[in-house]
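Worksheet: one structure, shown below.
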Amino acid sequence: MQISTFAAIEIGSYSVNMEIFELSRKYGIRSIDQVRHRMELGKDSYGTGRIGKKLVRELCLVLKDFCGIMEGYQVKGYRACATSALREAENVLMILEHIYQTTGLKVDILSNSEQRFLGYKSIALRENDFHKIIEKGTAILDVGGGSIQISLFDKDTLVTTQNLKLGSLRVRERLAPVEPSTTHYEELVQELIQNELNSFKKIHLKDRKIENVILVGDYFTDWIMAQRFSHKSDLTRNVSREAFQKWYGAVVGHSPMELAVKMDLPLEYATLMIPAAIIYKRMIQELDATTIWTPGIELTDGIAYDYAEKHQIIKPAHNFENDILMAARNIGKRYGVSKPHIMHMDMLAVKIFNSMKKIHGMGQRERLLLEIAIHLHDCGKYISLSNYADCSYNIIMATEIIGLSHRERNLIAHIVRFNTTKFTYYQEMGITSDISPEDYLLIAKLTAILRLANALDRSHLQKITSLRAVVKEDKLLLYLELNKDFTLEQGLLQDKLDFFEEVYNIRPVLKLNRK
């Protein structure tokens, strides 16, 4: 039985955390050690926009110590991730270079959507029945230092996820000037977040019934809830509304100093627990859920889960990739795209993609990007019927898609724009864009397939009942079964075929069979 040792490192808003895991196909994922160093990077980043040199030096020293621990455990693989504190710092590139030169560690700056996606995987690691819980209306409330993420699941499917920049540390810093002079701090926090909550309810919640709320946040709130609400062996940590209210009263009813002494916490964490508790309470009230879950997870759990999944050490019960696709579908639905046309295009494009694997060299992730582009390629028509390509591009770039990096979202936005606009060659694009030559070629490959699939359903009448795609020498033979006249599609297909041939050096040839 092969067991590998893996280290997951999180550089968060107010702590730097490393967890060592043993990974095996037989036993799955097992945590064997954890090290944490308190450091309020977020206080600098959210307050001044950059992280000062004193904290940067401290961070490098901490990570150097982590490297020593990794050597002691003979770690075979690692991943170091940073969240919003570094992501929002103006001097982030300098910090990453200092870290690399000091420690040799390469740190990934997670986009918010990537960070929250790993958070879901953290829940799945700790809670075996995660996919059963989210079969009913479920909201995951992830309160971090910099922001709140609200994600709605129903029937084992992600419905929507939205980010509000109102995390516990950011709220504390924004209210710091008025806190000493007020006796109703709780009301101030509620006023600060209420407008965003109202907008979320109006747009996304509507009449949806939420039965379960999963509370996710930084380690101190999860740890305290777990200790007060459940037995250590109870991994699900089912909490009643009454029990939560009791915990809430114990937190908000004390000053930060009293809370620190009573719960044996550092004073900095006590000052963050209070706004976090108020945020949790207000959101639970708005969602009116009957069951509260506190799984007590950390981002490092999700990092380990993601690594084990990608290296086929574990087989997840929940299809997380489908969550990404469903999130895109729901965005398209919000902007009124044609579902029959989208589903028909998806069928055509996937068959073309799969038939050409040996030619294009792309994998499952690239196919997912293609499918997302299909679901969003017409979303700009909601704003403008004449300029919808640019509108679609702007909507995609402004909309968070769970599980995708900023780079992947940028790729999708370009693919969608080039679906109906003149394709820009790299020499021209490189002047105004930071797209790499590799990503440019990927955009070209997926755009060619998108254009072809879209043109095959130009009338939106789904005239093709089945498609079989076969590569033969320098041709892509497309055997089409038709139920209607195909004259329009054939007549407007020429430029799509030319572009496809330019990209792949093979030409699609239609073989029509009319019923």
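The values are calculated or read from the model by the stated rules, or taken from the named source; none is laboratory data. This one's a predicted model, so the numbers in the text were calculated from it and none came from an experiment. Here Cβ is always computed from backbone atoms with ideal geometry, including for glycine, and neighbour counts include all displayed protein chains. Accessible surface is based on the protein model in full, side chains and every heavy atom, while ligands, DNA and RNA are left aside. Shrake-Rupley method; radii C 1.70, N 1.55, O 1.52, S 1.80 Å.
The C-beta contact set for the stretch 279-292 (first residue farther than 11 Å from Gln245 by Cα, second residue open to solvent by 20 Å² or more (accessible area, probe 1.4 Å) and outside any helix (DSSP H, G or I), distance under 8 angstrom, 6+ apart or interchain) comprises Ala289/Glu211; Thr290/Glu211; Thr291/Glu211; Thr291/Asn238; Ile292/Asn238; Ile292/Ser240. Summed over the stretch 327-342, residues that are of a type outside the set (D, E, K, R) and either assigned to a loop (DSSP other than H, G, I, E, B) or surrounded by fewer than 16 Cβ atoms within 10 Å (Cβ to Cβ) (or both) total 5. Within the stretch 279-326, the set of residues being among the β-branched types (Val, Ile, Thr) and assigned to a helix (DSSP H, G or I) comprises Ile279, Ile284, Thr300, Ile303, Ile324.
Out of the stretch 37-54, which residues are assigned to a strand (DSSP E or B) and of a type in the set (A, V, I, L, M)? Residues satisfying the conditions do not exist here.
Here Lys262, Lys281 are screened, and the one residue that is farther than 30 Å from Tyr78 by Cα, charged (D, E, K, R) and modelled with pLDDT of 85 or more is Lys281. Just so you know, in the stretch 1-36 the residues that are in a strand (DSSP E or B) and charged (D, E, K, R) include one that is most open to solvent (accessible area, probe 1.4 Å), and it is Arg30.
Going through the stretch 415-429 one residue at a time, which ones are without any contact (Cβ under 8 Å) to a residue 12 or more places away in the chain and either open to solvent by less than 60 Å² (accessible area, probe 1.4 Å) or assigned to a loop (DSSP other than H, G, I, E, B) (or both)? Once the filter is applied, which keeps residues that are without any contact (Cβ under 8 Å) to a residue 12 or more places away in the chain and either open to solvent by less than 60 Å² (accessible area, probe 1.4 Å) or assigned to a loop (DSSP other than H, G, I, E, B) (or both), the stretch 415-429 yields Lys422, Thr424, Tyr425, Met429. The test for being of a type in the set (D, E, K, R) and modelled with pLDDT of 95 or more holds for Glu501. Return the residues of the stretch 180-195 that are exposed (fewer than 15 other Cβ atoms within 10 Å of the Cβ) and modelled with pLDDT of 85 or more; say none if nothing qualifies. The answer is His184, Glu187, Glu191, Gln194, Asn195.
Residues that are touching a residue at least 40 places away in the same chain (Cβ under 8 Å) and open to solvent by 100 Å² or more (accessible area, probe 1.4 Å) within the stretch 44-56 comprise just one, Arg50.
Within the stretch 77-133, restricting attention to residues that are of a type in the set (Gly, Ala, Ser) and part of a strand (DSSP E or B), the residue that is surrounded by the most Cβ atoms within 10 Å (Cβ to Cβ) is Ala82. Checking each residue in the stretch 285-323 for being charged (D, E, K, R), under 22 Å from Tyr78 (Cβ atoms) and in contact with a helix residue (DSSP H, G or I) (Cβ under 9 Å, 6 or more places away or on another chain) picks out Glu298, Asp301, Asp306, Glu309. Can Leu450 be described as surrounded by fewer than 19 Cβ atoms within 10 Å (Cβ to Cβ) and either over 14 Å from Met356 (Cα atoms) or modelled with pLDDT of 95 or more (or both)? So Leu450 fails the test. The set of residues in the stretch 151-177 being surrounded by 24 or more Cβ atoms within 10 Å (Cβ to Cβ) and either over 27 Å from Ala82 (Cα atoms) or aliphatic (A, V, I, L, M) (or both) consists of Leu158, Leu169, Val171.
Taking the stretch 377-402 as the range and being among the hydrophobic types (A, V, I, L, M, F, W, C), open to solvent by 10 Å² or more (accessible area, probe 1.4 Å) and in a loop (DSSP other than H, G, I, E, B) as the test, the residues that pass are Ile383, Leu385. Please verify whether Ile133 is in contact with an Asp or Glu (Cβ under 8 Å, 6 or more places away or on another chain) and modelled with pLDDT under 85, treating the condition exactly as stated. Yes: the conditions hold for Ile133. Checked against (1) open to solvent by less than 20 Å² (accessible area, probe 1.4 Å); (2) out of contact with any helix residue (DSSP H, G or I) (no Cβ under 6 Å at 6 or more places or on another chain), Glu438 meets all criteria but (1). Pairs linking a residue in the stretch 85-96 that is in contact (Cβ under 8 Å) with a residue 60 or more places away in the chain to a residue that is β-branched (Val, Ile, Thr) and open to solvent by less than 20 Å² (accessible area, probe 1.4 Å), with Cβ atoms under 7 Å and 6 or more positions apart or on different chains, are Leu86/Ile11; Leu86/Ile95. Residues that are more than 30 Å from Ser24 (Cβ to Cβ) and in a helix (DSSP H, G or I) occur at least once in the stretch 60-71.
Consider the stretch 463-515 and keep the residues that are among the acidic types (Asp, Glu) and under 17 Å from Phe423 (Cβ atoms). The one that is surrounded by the most Cβ atoms within 10 Å (Cβ to Cβ) is Glu501.
Count of the stretch 134-143 residues, restricted to those that are open to solvent by 10 Å² or more (accessible area, probe 1.4 Å) and more than 23 Å from Ile314 (Cα to Cα), is 2.
In the set (1) within 17 Å of the chain's Cα centre (by Cα); (2) crowded, with 19+ Cβ neighbours inside 10 Å, the condition left unmet by Ser405 is number (2). Exactly one residue out of Leu166, Leu141 is of a type outside the set (Val, Ile, Thr), in contact with a strand residue (DSSP E or B) (Cβ under 7 Å, 6 or more places away or on another chain), more than 30 Å from Glu22 (Cβ to Cβ) and assigned to a loop (DSSP other than H, G, I, E, B), and it is Leu166.
Could you please let me know if Gln74 is open to solvent by 20 Å² or more (accessible area, probe 1.4 Å), part of a helix (DSSP H, G or I) and polar (S, T, N, Q)? Considered against the rule, which asks whether it is open to solvent by 20 Å² or more (accessible area, probe 1.4 Å), part of a helix (DSSP H, G or I) and polar (S, T, N, Q), Gln74 comes out as no.
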